[in-house]
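Peer 1: I'd like to ask some things about the structure below.
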Amino acid sequence: MSMTMTQKILAAKAGLPEVKSGQLIEIALDGVLGNDVTTPPAISEFKKYGFTKVFDKDKIFVTLDHFTPNKDIKAAGQCKICRIFSREQEISNFFDVGEVGIEHALLPEKGLVLPGGAVIGADSHTCTYGALGAFSTGVGSTDMAAAMVSGKTWLKVPEALRFDLKGSFKKWVGGKDLILHIIGLIGVDGALYKSMEFSGEGVKNLSIDDRFTVANMAIEAGGKNGIFPVDEITLEYIKGRSERPYEIFRADPDAGYEAVYEIDLSALEPTVSFPSLPENAKTPAAEWDEIKIDQVVIGSCTNGRISDLATAAEILKGRKVAKNVRCIVIPATQAVYLESIRKGYAQIFVEAGAVVSAPTCGPCLGGHMGILAEGERAVSTTNRNFVGRMGHIKSEVYLASPAVAAASAVAGVLKNPCEL
Amino acid sequence: MQTKGSVYRFGDNIDTDVIIPARYLTTFDPEQLKLHCMEDIDPDFIKKIAPGDIIAAGKNFGCGSSREHAPIAIKAAGVSCVIAESFARIFYRNAINIGLPIIESREASEKIRAGDSLYIDFDKGIITNKTRGEEYKIAPFPPFLQNIIAKGGLMPSIAGGGAINGL
């Protein structure tokens, strides 16, 4: 029987010759992830049921990235729970302040996820690793607890949507515009319970960072996972990051897809999702100049990688952040931070009047490092613009690429970077 | 298992950020979380809800973040069941894992209105809408999930050791 790329990985991990959509299976995991918000409840469940040992200390990944550096006493307490547990269990991939980065940028960077792997994480954006041709999906804390014990999880084999890409992006258009366009096309539940598989000759024109951004937001269409075929760009990225073996899976040519969408990358425009759902995707219009903004955030697991900062720096170089706009740049990991210093981006940001923060999820989920007051409006490279997501319930988030965000920071209104 | 209560009605795409805003995720204590349940969509929800009451919503309930704090807050608030046309997949798992009853039913979601008085018989698979004199059938969970539910959640179901049962 023909299988999608996702189904092939799941069959291998379930030890079955084939799987079909709708089938309930149990798979072996190559990694189990949690952060400072989701790991403490998992630890509590783990202990409550009398478990004493994780299944493999090298396959549990604990990242203190959400409310760190500790935003208040309670957040500090949550981190402490994770720290003590990780020490007790000798978790080898425990990342604290100084080493930590935003989980979905950090794990690939550290070589902890490889093509063909299967990873679950107690964080909805765990689907990011599909960029590397791995199966990965978000779960809750109890699922994390069970997986820490057994090294396995249960899943329903998903159906799939296929997105055939052709052409290449215009200047100032990239992965973020593509995924916002797709979510606008299919809606926030358009891929509910399903895989989103990307294919076509246009895939080679997506950098690995573009692919991370696209796979990252599969969950914003309700998707179980988003996944890219493995090519030279993938292999170049993973080179030197891990000694572990990896496996390349490909969809069968005659695999069944519930729907196939053809997308011409060259036809895409800078795309912004207006409040308060990621599906409210819009392209540049005259009204953008009327949308005054108070804050810009450039960072997150969606767009905090080095190429994102390079784009922002290209726009901010020699320019100034508009008066009355706070521009917050958050390199996703320590390595990204260091590279942004070496390449001069950090200096460009500071000279432009932006602030550069330590790696953290912070403002994306209204945690800290840039909360919005009532009536305030942000253009943000993050992934969600739900009511109250970045602060007050009467604040607004416009989701955008680093190019649109940086251009908006300069203009003080929502801005198409092509017009700056 | 049976439950009864009156209905709180919500729309489509109720995300976990409005179910329990991230600013309260510095704890996972159900008693603290429940105080802020649905706060960003209905600030008085926790004052109005009575034990056993039922949430009915449209499609994609619980979308967004994976925070298990969302079903925990709903359960701790006293909600006995969430009925929706569809659930976001992580919320669906989380609800089963922590023992919050959920029902996916387009018919029930479309017909149930705010304030309706419901009686739900999970064993017989029937929702009775006493206000409207209607009955809606509930599709049973797959046996594997019934097993998790019967054991009181995912952790008790693996606590005996070995593989997750039923697969």
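Peer 1: Which one of these is at positive phi, more than 14 Å from every other protein chain (Cβ to nearest Cβ) and part of a loop (DSSP other than H, G, I, E, B): B:Gly152, B:Gly115?
Peer 2: On the way: B:Gly152 fails: more than 14 Å from every other protein chain (Cβ to nearest Cβ).
Of B:Gly152, B:Gly115, the one residue that is at positive phi, more than 14 Å from every other protein chain (Cβ to nearest Cβ) and part of a loop (DSSP other than H, G, I, E, B) is B:Gly115.
Peer 1: What helices (runs of 4 or more DSSP H) completely inside the range A:275-372 contain at least 3 residues that are within 14 Å of another protein chain (Cβ to nearest Cβ) and buried (at least 21 other Cβ atoms within 10 Å of the Cβ)?
Peer 2: Working: elements: A:300-303, A:306-316, A:334-342, A:345-352.
Hits in the range A:275-372: A:300-303.
Peer 1: Going through the range A:7-53 one residue at a time, which ones are of a type outside the set (Gly, Ala, Ser), in contact with a strand residue (DSSP E or B) (Cβ under 7 Å, 6 or more places away or on another chain) and either over 21 Å from A:Phe135 (Cβ atoms) or more than 14 Å from every other protein chain (Cβ to nearest Cβ) (or both)?
Peer 2: A:Ile9, A:Asp30, A:Thr39
Peer 1: Let me ask you something else. Is it the case that some residue within the range A:125-142 is without any contact (Cβ under 8 Å) to a residue 24 or more places away in the chain and either within 12 Å of another protein chain (Cβ to nearest Cβ) or on the phi > 0 side of the Ramachandran plot (or both)? Give the steps one after another, and end with the answer.
Peer 2: Of the range A:125-142, the ones without any contact (Cβ under 8 Å) to a residue 24 or more places away in the chain are A:139.
Next cut, either within 12 Å of another protein chain (Cβ to nearest Cβ) or on the phi > 0 side of the Ramachandran plot (or both) only: A:139.
Yes: one or more hits.
Peer 1: Here is a follow-up. May I ask you to verify whether B:Ile126 is at pLDDT 95 or above and crowded, with 19+ Cβ neighbours inside 10 Å? Spell out the reasoning first.
Peer 2: Details: at pLDDT 95 or above: yes; crowded, with 19+ Cβ neighbours inside 10 Å: no.
It is false that B:Ile126 is at pLDDT 95 or above and crowded, with 19+ Cβ neighbours inside 10 Å.
Peer 1: Checking the condition of a type in the set (Gly, Ala, Ser) and within 22 Å of A:Tyr337 (Cα to Cα), which residue from A:Gly256, A:Gly223, A:Gly299 passes?
Peer 2: Numbers: A:Gly256 fails: within 22 Å of A:Tyr337 (Cα to Cα); A:Gly223 fails: within 22 Å of A:Tyr337 (Cα to Cα).
Of A:Gly256, A:Gly223, A:Gly299, the one residue that is of a type in the set (Gly, Ala, Ser) and within 22 Å of A:Tyr337 (Cα to Cα) is A:Gly299.
Peer 1: Any residue that is buried (at least 24 other Cβ atoms within 10 Å of the Cβ), of a type in the set (Asp, Glu), touching a strand residue (DSSP E or B) at 6+ places or on another chain (Cβ under 6 Å) and within 10 Å of chain B (Cβ to nearest Cβ) - is there at least one of those in the range A:100-111?
Peer 2: Within the range A:100-111 (the criterion being buried (at least 24 other Cβ atoms within 10 Å of the Cβ), of a type in the set (Asp, Glu), touching a strand residue (DSSP E or B) at 6+ places or on another chain (Cβ under 6 Å) and within 10 Å of chain B (Cβ to nearest Cβ)), the answer is no, since none of the residues qualifies.
Peer 1: May I ask you to say which residue of B:Ala88, B:Ala95, B:Ala22 is open to solvent by less than 40 Å² (accessible area, probe 1.4 Å), more than 7 Å from chain A (Cβ to nearest Cβ) and among the small types (Gly, Ala, Ser)? So that I can check it myself, show each step before the final result.
Peer 2: Values: B:Ala88 fails: more than 7 Å from chain A (Cβ to nearest Cβ); B:Ala22 fails: more than 7 Å from chain A (Cβ to nearest Cβ).
Matching residue, one of B:Ala88, B:Ala95, B:Ala22: B:Ala95.
Peer 1: Can I ask one more? Open to solvent by less than 10 Å² (accessible area, probe 1.4 Å), among the aliphatic types (A, V, I, L, M) and within 14 Å of chain B (Cβ to nearest Cβ): is that true of A:Leu414 in this structure? So that I can check it myself, show each step before the final result.
Peer 2: On the way: open to solvent by less than 10 Å² (accessible area, probe 1.4 Å): yes; among the aliphatic types (A, V, I, L, M): yes; within 14 Å of chain B (Cβ to nearest Cβ): no.
No: the conditions fail for A:Leu414.
Peer 1: Could you please find all residues in the range B:1-16 being among the polar types (S, T, N, Q) and open to solvent by 10 Å² or more (accessible area, probe 1.4 Å)?
Peer 2: Residues of the range B:1-16 that are among the polar types (S, T, N, Q), as a first pass: B:2-3, B:6, B:13, B:16.
Once the filter is applied, which keeps residues that are among the polar types (S, T, N, Q) and open to solvent by 10 Å² or more (accessible area, probe 1.4 Å), the range B:1-16 yields B:Gln2, B:Thr3, B:Ser6, B:Asn13.
Peer 1: Any chance you could count how many residues in the range B:25-48 are away from chain A (no Cβ under 12 Å) and either assigned to a helix (DSSP H, G or I) or not charged (D, E, K, R) (or both)?
Peer 2: So the first thing to find is which residues in the range B:25-48 are away from chain A (no Cβ under 12 Å), and the list is B:31, B:34-35, B:37, B:44-48.
With either assigned to a helix (DSSP H, G or I) or not charged (D, E, K, R) (or both) added as a condition, the list becomes B:31, B:34-35, B:37, B:45-48.
Selection size over the range B:25-48: 8.
Peer 1: Could you identify the single residue in B:Gly58, B:Gly62 that is within 14 Å of chain A (Cβ to nearest Cβ), open to solvent by less than 10 Å² (accessible area, probe 1.4 Å) and over 23 Å from A:Ala42 (Cβ atoms)? If you could, list the steps in order and put the result at the bottom.
Peer 2: Working: B:Gly62 fails: over 23 Å from A:Ala42 (Cβ atoms).
The unique qualifying residue is B:Gly58.
Peer 1: Just to be sure, is B:Lys75 in contact (Cβ under 8 Å) with a residue 40 or more places away in the chain, assigned to a helix (DSSP H, G or I) and open to solvent by 40 Å² or more (accessible area, probe 1.4 Å)? Outline the logic, then answer.
Peer 2: Details: in contact (Cβ under 8 Å) with a residue 40 or more places away in the chain: yes; assigned to a helix (DSSP H, G or I): yes; open to solvent by 40 Å² or more (accessible area, probe 1.4 Å): yes.
Criteria met by B:Lys75.
Peer 1: Go through (1) on the phi < 0 side of the Ramachandran plot; (2) part of a loop (DSSP other than H, G, I, E, B); (3) surrounded by 18 or more Cβ atoms within 10 Å (Cβ to Cβ) one by one and return the number of the condition A:Gly388 breaks.
Peer 2: All conditions pass for A:Gly388, except number (1).
Peer 1: If the requirement is being under 10 Å from the mean Cα position of the chain (by Cα), more than 14 Å from chain A (Cβ to nearest Cβ) and surrounded by fewer than 21 Cβ atoms within 10 Å (Cβ to Cβ), which of these qualifies: B:Pro51, B:Pro101? Write out each step before concluding.
Peer 2: Numbers: B:Pro51 fails: under 10 Å from the mean Cα position of the chain (by Cα).
Sole residue among the options that is under 10 Å from the mean Cα position of the chain (by Cα), more than 14 Å from chain A (Cβ to nearest Cβ) and surrounded by fewer than 21 Cβ atoms within 10 Å (Cβ to Cβ): B:Pro101.
Peer 1: If you don't mind, there's one more thing I want to ask. Going through the range A:1-49 one residue at a time, which ones are open to solvent by 50 Å² or more (accessible area, probe 1.4 Å) and among the aromatic types (Phe, Trp, Tyr)?
Peer 2: Answer for the range A:1-49, where residues must be open to solvent by 50 Å² or more (accessible area, probe 1.4 Å) and among the aromatic types (Phe, Trp, Tyr): just A:Tyr49.
Peer 1: So, in the range A:151-177, exactly how many residues are of a type in the set (Lys, Arg), surrounded by fewer than 23 Cβ atoms within 10 Å (Cβ to Cβ) and away from chain B (no Cβ under 12 Å)?
Peer 2: Looking only at that region, the number is 4.
The values are calculated or read from the model by the stated rules, or taken from the named source; none is laboratory data. Just so it is clear, the structure is predicted and the values come from calculations on it, not from any experiment. Reconstructed Cβ throughout: ideal geometry from the backbone, glycine too, with neighbour counts over all protein chains shown. Surface areas here come from the heavy atoms of the whole protein model, side chains and all, with no ligands, DNA or RNA. Shrake-Rupley method; radii C 1.70, N 1.55, O 1.52, S 1.80 Å.
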